[in-house]
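The values are calculated or read from the model by the stated rules, or taken from the named source; none is laboratory data. The model shown is predicted, which means the values in this text are computed figures rather than measured ones. Please note: Cβ atoms are built from the backbone with ideal geometry, for glycine as well, and neighbour counts cover all protein chains shown.
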Amino acid sequence: MAKSDDGIRILQGLLVFGNVVIGMCGIALTAECIFFVSDPHGLYPLLEATENDDIYAAAWIGIFVGFALFALSILGIVGVIKSNRTLLLVYIILMLITYAFEMASCITAATHRDFLTPNLFLKQMLERYQKSEPDNNNDKWMTEGVTKTWDKLMLQNQCCGVRGPSDWQEYTSAFRITNNDADFPWPHNCCVMDARGSPVNLDGCKLGVPGYYNSNGCYDAISGPMNTHAWGVAWFGFAILCWTFCVLLGTMFYWSRTEY
Amino acid sequence: MFPLLLLLLARAHGLEEISYTPTLASPTLGGQTTASTFVLEQPRCVFKVQDSAVIWLVVAVPEAVANFNNSVGPGTPERAFQEFPTKAPAYMTLNTTLLNYPCPKPPGEITVLRVGSETNCSKDEMRPTCNGPLPGPGPYRVKFLALEGSEPVAQTAWSEPITLRTARQPGSIPAMGSGHSAGMIALTSILSILFAILLAGLVAMLVFWSSDACGGSSTFSKPEAVTVRRYNTHHVYDQPPARL
C-alpha cells in the first residue's frame, strides 16, 4: 500500500511539474504570437493583398490559446493536488478543446506558409506596384499598401524586385504603364541612394552599372521573416502539444486512480 | 600629270572602310539591352579622321543595310528618328567629334553609348537626330559613319543584328504553390494521431466512469475492518483484545 501511495505521489509530482511547464509555455506562446502579430518587418500589406493572410489568423489563435493554456494549467495543478475528480474532468475536457484550437493554428500556419512562393510575390508586385487605376476602394487600399511596402523594402534592404531588377524587364507591369522603359528600366528606389534619398548616379543606375544600382532580389528579405513567423507558430505549437499530450494522458490515468 | 591629279582627287573623296564592328557593351551592365534601349561600346581608337569630322551613329533595320546610301544626310526626313522605321528605314543620331572618343581608353573606365536614352524629343519633329527610345524589339543593325561637312569620309562595318528584350505578361506567371512540404505533412499527421489518442482516452475515461457509477468495484477502496467487541460484564478482568 505504501508503494502505490508513493507511486501516486510521484505521479502527482510529475503532473504538477508538467502543468507548470505547460503554463510557462502558454505564456511564451502568447508573447511570441503577439510579437508576430505586431508585424515588426512591415510585411503584412503584402499578405493582405494576396488575400491569403491566414498565418496571421494562426498567430491570433495562438495568443488566446497560450493564455488558455496558462489558466488551465493552474486549474490542473489545483485539481491534482486536491485529487478532485470533478475538477480534473473539467480540466481534461477544457484542455482537449484548447488542444483542438492549437492544432488548428499549427496546421494553418504550416499549410499557408507553403503558399508563399516567389512567384506569388512577383505577380503581386508586377500587378500592383504603382498601379494608377485602381478598380475600387479595396483595390486602392491594397495597391497603396503594396507600393509603400515595396518602396520601404527596396530602400532598407538595398534590393530590387523579387529575383532582381530583371523582373522589371522580363515582364510588363502596372509600373511600366506609367513609367517608360527608357527613363525607368526599373524603379528609382532600386538605385543606390545617398544620405538625402536621391540616387547617387542616376545614369549609372539606368545603365545598370554594378555599384550604382541594387542587383540582388528582395525575396530573401520577405521570406526570412515570414518563415520565422510561420515556423515559429507551427513548430513551437507542435512542441507544446506533444508535451500537453503526455500530461493529459497522465492526468487521465491519475483521474482513473482517484476516488470521490 | 592629269591622271595623277585625278587619282589624288579620288583618294581624297574616297570612303575609308574601317574593319571595326560595333558591339554591345559588357553583359555585366544590367541595362545592356532593355525593351527600348541598348548600350554600345564607344568606338575608341578606331577612327583616324580630322578633328573637324563628325562621327554619327546609324541605326537601321536589317533590310536597309544592303543598299544603304551614305550620302543621304542626317536631319533629312529619310533619316529622321521620328519616321523610323516606317518611312525612314534608318536614322542617324549621337553625333560627336573625335575629341569625345580620346585614344587610348583609360583602363577601368566605362565608355559606352546608350542608344534610346532621350525621351523628351522622341515626338518632336524639329529634332530629327533625337536619340529616342526604339519603337520595337528589333532586330537592328548599327554602324558609325564619319562625315566631313556632308561628305562621308569613314565608316565602320555593320554590327550583328541586335535584338531587344520582349516583356511577357505577368498573367503568364504560375502563382499556385508547388505543393505541400514534408514538414507540414508530418506535423499534420502526428498532431491528428495524438488528438485521436486523447479522444479515445477521454471516451475510455467516460465509459470507465459510468461503469464505475453503476456499481462496479473501485480500485482503491480501503477494506472496512469489522470489529467486534465483546462485553463481558461479569468477567471484567478477562476481556478479549479489541481488534482493529
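Can you tell me which residue in the range A:205-219 is surrounded by the fewest Cβ atoms within 10 Å (Cβ to Cβ), limited to those that are in a helix (DSSP H, G or I) and facing chain B (nearest Cβ under 10 Å)?
The selected residue is A:207.
Within the range B:87-104, how many residues are farther than 25 Å from residue B:33 by Cβ and either within 12 Å of chain A (Cβ to nearest Cβ) or not in a loop (DSSP other than H, G, I, E, B) (or both)?
Total meeting the criteria: 3.
Count, please, the residues in the range A:185-196 that happen to be touching a residue at least 12 places away in the same chain (Cβ under 8 Å) and part of a loop (DSSP other than H, G, I, E, B).
Initially, the range A:185-196 is screened for residues touching a residue at least 12 places away in the same chain (Cβ under 8 Å), giving A:185-193.
Cutting the leftovers down to part of a loop (DSSP other than H, G, I, E, B) gives us A:185-187, A:192.
Going through the range A:185-196 one residue at a time, the tally reaches 4.
Which condition from (1) within 21 Å of residue A:208 (Cβ to Cβ); (2) out of contact with any helix residue (DSSP H, G or I) (no Cβ under 7 Å at 6 or more places or on another chain) is the one that residue B:165 breaks?
So residue B:165 meets the others, but not (2).
What number goes with the only condition from (1) more than 7 Å from chain A (Cβ to nearest Cβ); (2) more than 30 Å from residue A:94 (Cα to Cα); (3) at pLDDT below 85 that residue B:162 does not pass?
Residue B:162 satisfies every listed condition except (3).
Say whether the condition of being more than 8 Å from every other protein chain (Cβ to nearest Cβ), more than 21 Å from residue B:133 (Cα to Cα) and of a type in the set (Asp, Glu) is met by at least one residue in the range A:114-132.
no
Inspect the range A:170-183 for any residue being away from chain B (no Cβ under 12 Å) and of a type in the set (A, V, I, L, M) and give the result as yes or no.
no
Residue by residue through the range B:53-83, note down the ones that are assigned to a loop (DSSP other than H, G, I, E, B) and under 31 Å from the mean Cα position of the chain (by Cα).
Taking the range B:53-83 as the starting set, the residues that turn out to be assigned to a loop (DSSP other than H, G, I, E, B) are B:53, B:61, B:65-76, B:80.
Result: B:61, single match.
Quick one: in the range A:9-58, which of the residues that are of a type in the set (Phe, Trp, Tyr) and either more than 30 Å from residue A:138 (Cβ to Cβ) or in contact (Cβ under 8 Å) with a residue 12 or more places away in the chain (or both) is surrounded by the fewest Cβ atoms within 10 Å (Cβ to Cβ)?
Only one residue fits best here, namely A:17.
Only one of these conditions is not met by residue A:153: (1) more than 11 Å from chain B (Cβ to nearest Cβ); (2) free of Cβ contacts under 8 Å to residues at least 40 places away in the same chain; (3) of a type outside the set (Lys, Arg). Which number is it?
(2)
Checking residue B:125 against (1) in contact with a strand residue (DSSP E or B) (Cβ under 7 Å, 6 or more places away or on another chain); (2) modelled with pLDDT under 90; (3) of a type outside the set (A, V, I, L, M, F, W, C), only one condition comes out false. Which one?
Here residue B:125 meets the rest and fails (1).
Pick out the one residue from B:21, B:37 that is in contact (Cβ under 8 Å) with a residue 24 or more places away in the chain and either within 14 Å of chain A (Cβ to nearest Cβ) or farther than 25 Å from residue B:102 by Cα (or both).
Testing whether each residue is in contact (Cβ under 8 Å) with a residue 24 or more places away in the chain and either within 14 Å of chain A (Cβ to nearest Cβ) or farther than 25 Å from residue B:102 by Cα (or both) leaves just B:37.
Among the residues of the range B:176-213 satisfying the criterion of being farther than 18 Å from residue A:237 by Cα and aromatic (Phe, Trp, Tyr), which is farthest from the other protein chains (Cβ to nearest Cβ)?
Per the stated criteria, the residue is B:209.
Residue by residue, here is whether (1) farther than 21 Å from residue B:119 by Cα; (2) over 23 Å from the mean Cα position of the chain (by Cα); (3) crowded, with 18+ Cβ neighbours inside 10 Å holds:
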residue	(1), (2), (3)
A:139	yes, yes, no
A:146	yes, no, yes
A:153	yes, no, yes
A:157	yes, no, no
A:163	yes, no, no
A:177	no, yes, no
A:187	no, yes, yes
A:190	no, yes, yes
A:193	yes, yes, no
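Looking at the range A:220-260, which of the residues that are facing chain B (nearest Cβ under 7 Å) and either under 11 Å from the mean Cα position of the chain (by Cα) or not in a helix (DSSP H, G or I) (or both) is surrounded by the most Cβ atoms within 10 Å (Cβ to Cβ)?
Among those that are facing chain B (nearest Cβ under 7 Å) and either under 11 Å from the mean Cα position of the chain (by Cα) or not in a helix (DSSP H, G or I) (or both), it is A:234.
Run residue B:67 past the list (1) buried (at least 16 other Cβ atoms within 10 Å of the Cβ); (2) over 18 Å from residue B:129 (Cβ atoms); (3) at pLDDT below 90 and report the number of the one that doesn't hold.
Every listed condition holds for residue B:67 apart from (1).
Report yes if residue B:217 is at pLDDT below 60 and either farther than 30 Å from residue A:7 by Cβ or within 12 Å of another protein chain (Cβ to nearest Cβ) (or both), otherwise no.
Numbers: at pLDDT below 60: yes; either farther than 30 Å from residue A:7 by Cβ or within 12 Å of another protein chain (Cβ to nearest Cβ) (or both): yes.
Yes.
Would you be able to say whether some residue in the range A:100-115 is free of Cβ contacts under 8 Å to residues at least 40 places away in the same chain, under 24 Å from the mean Cα position of the chain (by Cα) and closer than 30 Å to residue B:210 by Cβ?
Yes, some residue in the range A:100-115 is free of Cβ contacts under 8 Å to residues at least 40 places away in the same chain, under 24 Å from the mean Cα position of the chain (by Cα) and closer than 30 Å to residue B:210 by Cβ.
Among the residues of the range A:199-237, which ones are of a type in the set (Gly, Ala, Ser) and within 27 Å of residue B:114 (Cα to Cα)?
Within the range A:199-237, A:204, A:208, A:211, A:215, A:217 meet the criteria.
Being within 30 Å of residue A:229 (Cα to Cα), among the small types (Gly, Ala, Ser) and within 12 Å of chain B (Cβ to nearest Cβ) is the filter here, so list the residues in the range A:59-109 that pass it.
Once the filter is applied, which keeps residues that are within 30 Å of residue A:229 (Cα to Cα), among the small types (Gly, Ala, Ser) and within 12 Å of chain B (Cβ to nearest Cβ), the range A:59-109 yields A:100, A:104, A:105, A:109.
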